[in-house]
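Worksheet: the structure to be examined is printed underneath.
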Amino acid sequence: MMQSLTKHRRIRSAALALGVLLGLALVPRSAAAQDATGDTTAPNQCTTPPVVLVILDESGSMDNEVGSSGKTKWEVAKAALHELWKLYAGGEAGTDPIKVHFGLSVFPSIEINTCDLDMSFDVAPSGKTLLLAPGENTAPNLDSKIPAEPLGPTPLIDTLTWAKNYFTANTFDGQERFVLLITDGKESCRCKDGPPDFCEGTTPTEISYIANKLKEQVAGLKAIGVKTYVVSFATSLEDISPRQLNTIAIEGGTAKAECQNTSVNLDLAQCYFLATDPQSLQDALTTIGNVVTQEICDGKDNDCDGEIDNVPGVGDACTVGEGECKKTGKKVCDLVTGGLKCDVEPGNSTPELCDGLDNNCDGQIDETFANKGKPCVKADPVTKCPIGGVWVCSPDKLGLVCDGNTPLPTSDEVCDGIDNNCDGTIDEGFEGQMINCGQGDCTWTVPACKDGKPGSCDDPQTNPFKEICDGKDNDCDGKIDDFDEDCSSACGQGTRHCTNGQWSECSSAIKPNKEVCDGYDNDCNGKTDDGADCGADAICACGACAKPSVNFECFGEGEFLLGAYCVKDNCPAPLVCNKVTGNCDGDPIIPGQGGDTVTPDADGVTPDADSETQTPDGVDDDGGPSDQTPPNDGTQDDAQVGPDGAILDGSTPQDTTGGSDTIGGADPDGKGKKNCGCRINDGGRLPASVWLLLAMIGLLLVAGRRRRRME
């Protein structure tokens, strides 16, 4: 973000003097820092604290006010960083233990408000780029290095390139390393290859270039063991590029949990820390500080308490595995994941046995023996009488046996496949017994007991007489043809009823109709337009009757040549016109069951090629061209009739009492073609113009009579 050059081109002698003082303070402190009393004992009690290089956005837009706080973003950022120093860099006075080795940097630029960058690592006397090298820096020291005011562009790519080069040259052996980037804008210096220069980064080419370059630099940092946090301190989302910030967070290894997958939308997600006011900025920095100093299992004293890997839970008892695989151990550090693990491995599983143990280690015992513990009955080996017990595991542990010695009460013998009376014989007394079934001429018998099951006249498998729809009582139940049967078809589910040898109409919601050329399966036989009649000089293709071409040329809108015919696509969606076969490819559609519904005209032909519903009233209901000429009057939509007044296509008029449908003219070729040009008698209705004429004549007659009377 940029502000005017005039506001920030203020290089004065006072600034030079201050720069000299700051330069003296930039010399890194030794491991044994000397305090005001001359004591050389360092306040730091942690030998390998994490290294955090804070890179603060020094662009001119940081001088903008934050809401109605009366403070600029620069002032708010300095205050938030001060609180961060206090927590982890020795407290307010710098006398507490140092838990983080902070370094401080700003965007690399030599000239004010230019993209001429200083990529050196040395602490510059001018106070640019590296303000304070990471080390045992305290809060007062860090605060003193932050410039008084922001100015300049936003060179994110070159800043992260500088950070990568810095950590490549300064490895800080044994210490975790982090970059903490605080910015309120988006890349404004490098949008393409070549020397850096001011740019907006808004074109697709620039957006792609910037994202790839940021990914390259942050991934390079991560490759050398440096994670990158990014905090966006923008009071308006229009000032930032979520794609750039998300790329930094994801590639830097610090993205939020919900962003840890490959399907993140970089332009919509928020994988980075977003701060819009002083409190949210402070919260973001504190969260990051807690994470980088959190004790983890890595062989280091992360929280600087003098102990290594003293993670809560270390040494606690733990178990792994289930059933016979369960083992007990204690929790230890996992140096690979940074978490805890149990120091034992589960045992090996074996196939499940019936032994009261979980042999296959799935958390269930004897689950393959479902009847274990349920009641059972066995026969006494001598008396054959039933003895009650329960199912238990067999001695070989491979199955179940009925275990028990409780005699069960006996009863009269019944047909059930059991020796109920304990006489050693099963179902005795039923031998030769038969049950008479039916009446009149329809009689049959069934065994009273067979295979342990009682006989029944109601069993349809034993009834040899079946009712059919023929006007007779075939099964002798006193009813003639009073039954239903399924008549479901492509038209839908339905049944039909037989009465006196005649089947009723199927009850399906849609009834089969005569097949017409309209792209639908009108007769519900599972085929589209099969057998549809288009007359002698036309064929049915792609849902409409196609006429012969003129010298193999088609002139109608949307028509294409299929053989010698001009065809137009009238297939209802989702069927597709096959321009090779002329078929409407796809699953056949029953009118009213899907796709565009088409109601055929009275002549059995689809009204128009647009597959919309036409009401048979002679009116163009769908806004397209009329499907026949001349139009009708609502009594029979475009019905064609021959010289004798009969409808040529075999359809039945809906109304013969009025209207002006076409009537029989000449049939020149004798083929009953629909080519007449006269009209059916309108049944007494006269046009409005005729009625008006008759009314005027009547008025003239009345006026004449009055004149004669007056004379």
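The values are calculated or read from the model by the stated rules, or taken from the named source; none is laboratory data. Values in this document were obtained by computation on a predicted structure and should not be read as measured data. Counting neighbours? That spans all protein chains shown, and the Cβs are built from the backbone with ideal geometry, glycine included.
Restricting the range 46-75 to residues that are in a strand (DSSP E or B) and of a type outside the set (Ser, Thr, Tyr) leaves a set whose member that is surrounded by the fewest Cβ atoms within 10 Å (Cβ to Cβ) is Glu65. Picking from residues in the range 76-97 that are surrounded by 23 or more Cβ atoms within 10 Å (Cβ to Cβ) and not hydrophobic (A, V, I, L, M, F, W, C), the one that is nearest to the chain's Cα centre (by Cα) is Tyr88. The single residue among Val332, Val336 that is within 38 Å of the chain's Cα centre (by Cα), of a type in the set (A, V, I, L, M, F, W, C) and outside the structural domain of Thr72 (by TED's automatic domain parsing) turns out to be Val336. Please tell me if Leu400 is surrounded by 13 or more Cβ atoms within 10 Å (Cβ to Cβ), touching a residue at least 40 places away in the same chain (Cβ under 8 Å) and either of a type in the set (A, V, I, L, M) or under 30 Å from Asp334 (Cα atoms) (or both). So Leu400 fits the description; yes. When the criteria are applied in full, Ser280 fails the requirement of being at pLDDT below 90 and assigned by TED's automatic domain parsing to the domain that holds Ile210.
At pLDDT 95 or above and closer than 30 Å to Asp96 by Cα: is that true of Thr171 in this structure? So Thr171 does not fit the description; no.
Is it fair to say Asp239 is charged (D, E, K, R), within 35 Å of the chain's Cα centre (by Cα) and within 30 Å of Lys71 (Cβ to Cβ)? Yes: the conditions hold for Asp239. When the range 420-453 is examined, which residues are found to be surrounded by 14 or more Cβ atoms within 10 Å (Cβ to Cβ) and touching a Ser or Thr at 6+ places or on another chain (Cβ under 6 Å)? Matches in the range 420-453: Asn420, Asn421, Cys422, Val446. Restricted to strands (runs of 3 or more DSSP E) entirely inside the range 442-536, those with at least 1 residues that are within 30 Å of Gly417 (Cα to Cα) and of a type in the set (Ser, Thr, Tyr) are 442-447. When the range 469-516 is filtered for residues that are surrounded by 13 or more Cβ atoms within 10 Å (Cβ to Cβ), more than 30 Å from Thr528 (Cα to Cα) and among the polar types (S, T, N, Q), the ones remaining, listed by number, are Asn474, Thr499. The set of residues in the range 197-230 being on the phi > 0 side of the Ramachandran plot and buried (at least 19 other Cβ atoms within 10 Å of the Cβ) consists of Gly201 alone. Against the condition modelled with pLDDT under 90, surrounded by fewer than 21 Cβ atoms within 10 Å (Cβ to Cβ) and within 15 Å of Cys189 (Cα to Cα), how does Asp118 come out, does it pass? When the stated conditions are applied, Asp118 passes them.
The conditions of being surrounded by 24 or more Cβ atoms within 10 Å (Cβ to Cβ), farther than 24 Å from Lys164 by Cα and free of Cβ contacts under 8 Å to residues at least 60 places away in the same chain are not met by Ala234.
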